[in-house]
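Structure record follows, encoded as structure tokens.
The values are calculated or read from the model by the stated rules, or taken from the named source; none is laboratory data. Owing to the predicted nature of the structure, the values given are computational and were not obtained by experimental measurement. Glycine gets a Cβ as well: all are built from the backbone with ideal geometry, and neighbour counts include every protein chain shown.
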Amino acid sequence: MSDRTPLRAKYATSRELMDVIRYAAETLSVEFDRWDERHVTGPSLYVLIVADIDFGNYTDPLGMNTWPVEECEVVQRESEAFLEVARDVAFSRDGAIVVAGDGTIQEQMVRVRNLSDSERERAGEVSPADWMGTKHLSALEASTRKQVLWAITLSEENGRVTTFLNGQYQDYEHDKLGGRWRID
């Protein structure tokens, strides 16, 4: 991507970063109280944590969908701001939010391209669940790319939060979200 946000934070472990982002997704799911209503969509997030900010070889910019970096530029340094901005983005924008391994959030939201045949072959067997929609399938495939450390989604249909790593996933249905009390 030509207009990348440069790295701005001290490098953190990807697990800590994933925990902050997953916590934000879980918070948005728990806060929304209309999951059981017909024709109502809840908040939706798709976040990629990437090892390198050169992600243009497997993504495309998604139009005017951007993360407001002037309000929150780094996940860990501004975790409360991250939650507030994520709350707005989850209801008003589409596409994947790209976060570098150091927590720096890229402004341009993206569409992740499907794996090529050779990438699919290298990735091996990836087994999606029946409930997975387009965003979840994209995150599952994206997580097999060597450049992607983690992917996290929040489903707009039912509040399910799912983490993806190396073509595997762990999902937590809305009514089973338990934050720090959940045992992985």
Practice problem: Among the residues of the stretch 90-128, write down those that are under 30 Å from residue 79 (Cα atoms) and of a type in the set (A, V, I, L, M). | Solution: 90, 96, 97, 98, 99, 100, 105, 109, 110, 112
Exercise. Determine, yes or no, whether residue 141 is out of contact with any strand residue (DSSP E or B) (no Cβ under 8 Å at 6 or more places or on another chain) and either among the polar types (S, T, N, Q) or outside any strand (DSSP E or B) (or both).
Key: no
Quiz item: Would you pick out the residues in the stretch 132-144 that are in contact with a helix residue (DSSP H, G or I) (Cβ under 8 Å, 6 or more places away or on another chain) and surrounded by 23 or more Cβ atoms within 10 Å (Cβ to Cβ)?
Solution: 141
Exercise. With the checklist (1) crowded, with 16+ Cβ neighbours inside 10 Å; (2) over 13 Å from the mean Cα position of the chain (by Cα); (3) aliphatic (A, V, I, L, M); (4) at pLDDT 90 or above in hand, flag the one item residue 53 doesn't pass.
Key: (4)
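Filtering the stretch 67-84 down to residues that are within 14 Å of the chain's Cα centre (by Cα) and outside any loop (DSSP other than H, G, I, E, B), which residue is nearest to residue 148 (Cα to Cα)?
Taking the stretch 67-84 and keeping what is within 14 Å of the chain's Cα centre (by Cα), we get 67, 75, 82-83.
With outside any loop (DSSP other than H, G, I, E, B) added as a condition, the list becomes 82-83.
Details: 82: 20, 83: 22 Å.
Going through the qualifying residues, I end up with 82.
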Practice problem: Using the structure shown, decide if residue 60 is outside any helix (DSSP H, G or I), modelled with pLDDT of 90 or more, of a type outside the set (A, V, I, L, M, F, W, C) and in contact with a strand residue (DSSP E or B) (Cβ under 6 Å, 6 or more places away or on another chain). | Solution: yes
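This table checks each residue for (1) surrounded by fewer than 19 Cβ atoms within 10 Å (Cβ to Cβ); (2) within 16 Å of residue 142 (Cα to Cα); (3) in contact with a Lys or Arg (Cβ under 6 Å, 6 or more places away or on another chain); (4) of a type in the set (Lys, Arg).
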{"position": "59", "(1), (2), (3), (4)": "no, yes, no, no"}
{"position": "70", "(1), (2), (3), (4)": "yes, no, no, no"}
{"position": "80", "(1), (2), (3), (4)": "yes, no, no, no"}
{"position": "88", "(1), (2), (3), (4)": "yes, no, no, no"}
{"position": "104", "(1), (2), (3), (4)": "no, no, yes, no"}
Self-check item: residue 96, sole failed condition from (1) touching a Gly at 6+ places or on another chain (Cβ under 7 Å); (2) free of Cβ contacts under 8 Å to residues at least 60 places away in the same chain; (3) within 18 Å of residue 162 (Cβ to Cβ)
Solution: (1)
Exercise. Go through the residues of the stretch 153-162 one by one and say whether even a single one is closer than 21 Å to residue 19 by Cβ, exposed (fewer than 12 other Cβ atoms within 10 Å of the Cβ) and either touching a strand residue (DSSP E or B) at 6+ places or on another chain (Cβ under 9 Å) or among the aliphatic types (A, V, I, L, M) (or both).
Key: no
Exercise. Please enumerate the residues belonging to the stretch 124-179 that are over 15 Å from residue 25 (Cβ atoms) and among the aromatic types (Phe, Trp, Tyr).
Key: 131
